[in-house]
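Below is one structure, written out as structure tokens; the observations come after it.
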Amino acid sequence: MLWINAHTYAFLDNYFLFLTYIGDGLAYTILAILLIGFQFRKSIQAWILFGLSSLTAQFLKRAVFASTLRPYAYFQSMHIPVNSIRLVPGVQIYMQNSFPSGHAATGMSLALLLCFWVKNKAYAPLFLVLGLSIAYSRMYLFEHFLWDCWAGSLIGVVLTLLGYALLDHSQFPKGNWASKGLKDFIRRKGKHKNQEKN
């Protein structure tokens, strides 16, 4: 943590802040909303997988490992000088609920889901880098330890693998409507209006 903190730079702060906002569920939410326009099934699956990874991490961090200290509080408790730690301006430093990282769980879940859904697999390494960068941003911002991010990433990957396999195999939710999106209903309404005019 101290090594990572010694290698933080003002010109990178906004980049890692942006990444951490993505891991906060912003990107997952935007993806799930956009998918409503193209396919209800994928939108619903995205919401389910987001909830599965995020809620599991939040349950563990708040109910099971609630007393685990965040890096800043840990160093204080060990009487390690914290005045030399560089904190990114504008970031609220939390003291507890460190394990596991919810951002890492969400980020890796999103990255893996994109690997499944995007047909061109040449993008898969980019999605992996995105997920790992979101996890790293939590250490860069001095919010989580490496093991917090590792555990969060593992939760995101394992639950997304299992959840996606189950959802994809069962084609949940079933029905013709699920394979359609809002664009199909809008197009159908447009056709009906044209037929009525004719």
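The values are calculated or read from the model by the stated rules, or taken from the named source; none is laboratory data. Predicted, not measured: the structure shown is a model, and the values here were computed from it. A quick note on method: Cβ atoms are made from the backbone with ideal geometry, for glycine too, and the neighbour counts reach across all protein chains shown.
Assess whether VAL91 counts as being closer than 17 Å to GLY23 by Cβ, surrounded by fewer than 18 Cβ atoms within 10 Å (Cβ to Cβ) and either touching a Lys or Arg at 6+ places or on another chain (Cβ under 6 Å) or hydrophobic (A, V, I, L, M, F, W, C) (or both). First the steps, then the outcome.
Values: closer than 17 Å to GLY23 by Cβ: yes; surrounded by fewer than 18 Cβ atoms within 10 Å (Cβ to Cβ): yes; either touching a Lys or Arg at 6+ places or on another chain (Cβ under 6 Å) or hydrophobic (A, V, I, L, M, F, W, C) (or both): yes.
Here the answer is yes, as VAL91 does meet what is asked.
Taking the numbered list (1) closer than 30 Å to TRP117 by Cα; (2) touching a Pro at 6+ places or on another chain (Cβ under 6 Å) in turn, PHE38 passes all entries but (2). The conditions of being closer than 17 Å to GLN58 by Cβ and small (Gly, Ala, Ser) are met by SER101. Whenever a residue of the stretch 1-19 is in contact (Cβ under 8 Å) with a residue 60 or more places away in the chain, its partners that are loosely packed, with under 15 Cβ neighbours inside 10 Å and of a type in the set (D, E, K, R), lying with C-beta atoms within less than 7 angstrom and at least six residues away or across chains, give the pairs ASN5/ARG86; THR8/ARG86. Of all residues in the stretch 166-183, those that are farther than 12 Å from GLN39 by Cβ and in contact (Cβ under 8 Å) with a residue 40 or more places away in the chain have Cβ atoms under 9 Å from Cβ atoms of residues that are part of a helix (DSSP H, G or I) and among the aliphatic types (A, V, I, L, M), 6 or more apart or on another chain, in LEU167/ILE44; LEU167/ILE48; LEU167/LEU49; PHE172/ILE44; PHE172/ILE48; PHE172/LEU166; PHE172/ALA178.
Look at ALA63 and say whether it is under 30 Å from LEU166 (Cα atoms), exposed (fewer than 13 other Cβ atoms within 10 Å of the Cβ) and among the small types (Gly, Ala, Ser). Write out each step before concluding.
Values: under 30 Å from LEU166 (Cα atoms): yes; exposed (fewer than 13 other Cβ atoms within 10 Å of the Cβ): yes; among the small types (Gly, Ala, Ser): yes.
So ALA63 fits the description; yes.
Restricting to helices (runs of 4 or more DSSP H) lying wholly in the stretch 1-76: which have 1 or more residues that are closer than 12 Å to THR106 by Cβ?
10-21, 27-36, 40-59
Between ALA57, ALA46, ALA104, ALA27, the distinction of being touching a Ser or Thr at 6+ places or on another chain (Cβ under 6 Å), buried (at least 17 other Cβ atoms within 10 Å of the Cβ) and under 30 Å from ALA165 (Cα atoms) belongs to ALA104 only.
Among residues of the stretch 144-159 that are of a type in the set (D, E, K, R), those with a beta-carbon under 6 Å from a residue that is outside any helix (DSSP H, G or I) at least six positions away or on a different chain give the pairs ASP148/SER98; ASP148/PHE99; ASP148/PRO100; ASP148/SER101. Of the candidates GLN58, GLN45, the single residue that is in contact with a Gly (Cβ under 6 Å, 6 or more places away or on another chain), of a type in the set (S, T, N, Q) and modelled with pLDDT of 95 or more is GLN58.
Annotation: of all residues in the stretch 69-88 being touching a strand residue (DSSP E or B) at 6+ places or on another chain (Cβ under 7 Å) and not small (Gly, Ala, Ser), the one that is surrounded by the most Cβ atoms within 10 Å (Cβ to Cβ) is ARG70. HIS103 passes every criterion in (1) without any contact (Cβ under 8 Å) to a residue 12 or more places away in the chain; (2) under 27 Å from ASP168 (Cα atoms) apart from (1). Closer than 16 Å to ALA135 by Cα, of a type in the set (Asp, Glu) and over 14 Å from the mean Cα position of the chain (by Cα): is that true of ASP24 in this structure? Taking the combined requirement at face value, the residue does not satisfy it.
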